[in-house]
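Peer 1: Sending over a structure as structure tokens; questions will come in a sec.
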Amino acid sequence: MGKIKVKRKSTLIDMTAMSDVTVLLLTFFMLTSTFLQKEPTQVVTPPSVSTQKIQSSNVAQVLVATSANDKDTPKVYISVIGEANPDIPEEGTYGDLQPGAWGSENLRKEILKNAIALYMECGGKDPGITKDDIEKFSKVATFGVPIMKIHEFFTLDQTKQDEWLSDLDRFDSGIPLINYLNTKEKDANGNYVKTNEFQIWMRAIFNATPYDETLQTLNYKMRKTGEGIAVKADRGTSFHTVNKVLENLRTIKMNKFTVMTALKSENE
């Protein structure tokens, strides 16, 4: 008697449902994830036991780097993150401000305008910033060139801009800390108090939003809680170098700030 052949069943599995689920998960993670900002140089922050998280909105991050040829002179870069959808009351003292008025792009535009005004007020020449430059500036995550170089910087394509910022040996990469500008204040000897572009940028950031505790504006955080300024440096950067930046903040009475660290492991 012949063997009965068992009819083979198809092993085809319909993956349509699985593909739909995968696409939905990818979409979810893309919409809810916070992407890392592009920085001029890779920084490994020093370890600590602090578990406090850095603010994800209304914060100015100050990146301190050094070149291979000069490890004692800090290279400073700043990134500013505004509020995505600030809850601005319909009635009050805020005039025509609408939700989104302090979003990152609008905030950066205001900061650049403030910085130019302060720079020229302190004796700097007109940097020739155009409306197109202001628009481009509003979209950059991290900035760090001398004010007089901003227009030239934005004439370059994205690749050239990244190369400029990441070349730490360039003299015009980073915000200058040299005190060559005069403020309106005078010291005990009657001489005008000197300032630099980093201090001008920090003042411009401070003045970009009103002081409001309810709305937790950037101005309020910089003045009261210290959450508005986050200083970031590599673990290999000396304290002496980082302290030069901190001293600049103290000079303009910005004494409250956060130093970014990584959570210390058991082996450290």
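The values are calculated or read from the model by the stated rules, or taken from the named source; none is laboratory data. All values derive from a computational prediction rather than experimental measurement. Here Cβ is always computed from backbone atoms with ideal geometry, including for glycine, and neighbour counts include all displayed protein chains. Calculation scope for accessible area: heavy atoms of the full protein, side chains included, ligands and nucleic acids excluded. Shrake-Rupley method; radii C 1.70, N 1.55, O 1.52, S 1.80 Å.
Peer 1: Any residue in the range 216-227 that's more than 18 Å from Lys53 (Cα to Cα): show its pairings with residues that are in a helix (DSSP H, G or I) at Cβ separation under 7 Å, as long as the two are six or more apart or on different chains.
Peer 2: Partner pairs satisfying both residue conditions: Asn219/Phe206.
Peer 1: I'm trying to understand the selection: among the residues of the range 121-160, which are of a type in the set (A, V, I, L, M, F, W, C) and exposed (fewer than 14 other Cβ atoms within 10 Å of the Cβ)?
Peer 2: From the range 121-160, those of a type in the set (A, V, I, L, M, F, W, C) are 122, 129, 134, 137, 140-141, 143, 145, 147-148, 150, 153-154, 156; that's our starting set.
The one that is of a type in the set (A, V, I, L, M, F, W, C) and exposed (fewer than 14 other Cβ atoms within 10 Å of the Cβ): Leu156.
Peer 1: Inspect all residues belonging to the range 225-248 and state whether any of them is modelled with pLDDT under 90, touching a Lys or Arg at 6+ places or on another chain (Cβ under 8 Å) and not in a loop (DSSP other than H, G, I, E, B).
Peer 2: Yes: the range 225-248 contains one or more residues that are modelled with pLDDT under 90, touching a Lys or Arg at 6+ places or on another chain (Cβ under 8 Å) and not in a loop (DSSP other than H, G, I, E, B).
Peer 1: Now for a separate question. Pick from the range 187-221 the residues that are more than 14 Å from Leu107 (Cα to Cα) and touching a strand residue (DSSP E or B) at 6+ places or on another chain (Cβ under 6 Å): which of them is surrounded by the most Cβ atoms within 10 Å (Cβ to Cβ)?
Peer 2: Taking the candidates together, the pick is Phe198.
Peer 1: For Pro46, state whether it is modelled with pLDDT of 70 or more, in contact with a Lys or Arg (Cβ under 6 Å, 6 or more places away or on another chain) and open to solvent by less than 90 Å² (accessible area, probe 1.4 Å). Spell out how you get there, then give the answer.
Peer 2: On the way: modelled with pLDDT of 70 or more: yes; in contact with a Lys or Arg (Cβ under 6 Å, 6 or more places away or on another chain): yes; open to solvent by less than 90 Å² (accessible area, probe 1.4 Å): yes.
Spelling it out, Pro46 is indeed modelled with pLDDT of 70 or more, in contact with a Lys or Arg (Cβ under 6 Å, 6 or more places away or on another chain) and open to solvent by less than 90 Å² (accessible area, probe 1.4 Å).
Peer 1: Only one of (1) farther than 20 Å from Ile229 by Cβ; (2) of a type outside the set (Gly, Ala, Ser); (3) modelled with pLDDT of 95 or more fails for Asn191. Which number is that?
Peer 2: The number of the failed condition is (3).
Peer 1: Out of everything in the range 53-67 that is farther than 12 Å from Ile229 by Cα and not in a strand (DSSP E or B), what residue ends up being modelled with the lowest pLDDT? Explain how you work it out, then say what you get.
Peer 2: Taking the range 53-67 first, the residues farther than 12 Å from Ile229 by Cα are 53, 64-67.
From what's left, not in a strand (DSSP E or B): 53, 66-67.
Working: Lys53: 72, Thr66: 91, Ser67: 89.
Here the residue is Lys53.
Peer 1: How many residues are in contact (Cβ under 8 Å) with a residue 12 or more places away in the chain, charged (D, E, K, R) and either over 19 Å from Val62 (Cβ atoms) or in contact with a Cys (Cβ under 9 Å, 6 or more places away or on another chain) (or both) when one looks only at the range 160-190?
Peer 2: Qualifying residue count, the range 160-190: 3.
Peer 1: Now for a separate question. In the range 249-259, what residues are surrounded by 13 or more Cβ atoms within 10 Å (Cβ to Cβ) and assigned to a helix (DSSP H, G or I)? Steps first, answer last, please.
Peer 2: At the first step, the residues of the range 249-259 found to be surrounded by 13 or more Cβ atoms within 10 Å (Cβ to Cβ) are 249, 251-252, 254, 256-259.
Scanning the range 249-259 gives Leu249, Thr251.
Peer 1: With the requirement that a residue be open to solvent by 10 Å² or more (accessible area, probe 1.4 Å) and in contact with a Lys or Arg (Cβ under 6 Å, 6 or more places away or on another chain), what does the range 171-186 give you? Step through it out loud before you land on a result.
Peer 2: Taking the range 171-186 as the starting set, the residues that turn out to be open to solvent by 10 Å² or more (accessible area, probe 1.4 Å) are 171, 176-180, 182-186.
Within the range 171-186, just Asn179 meets the criteria.
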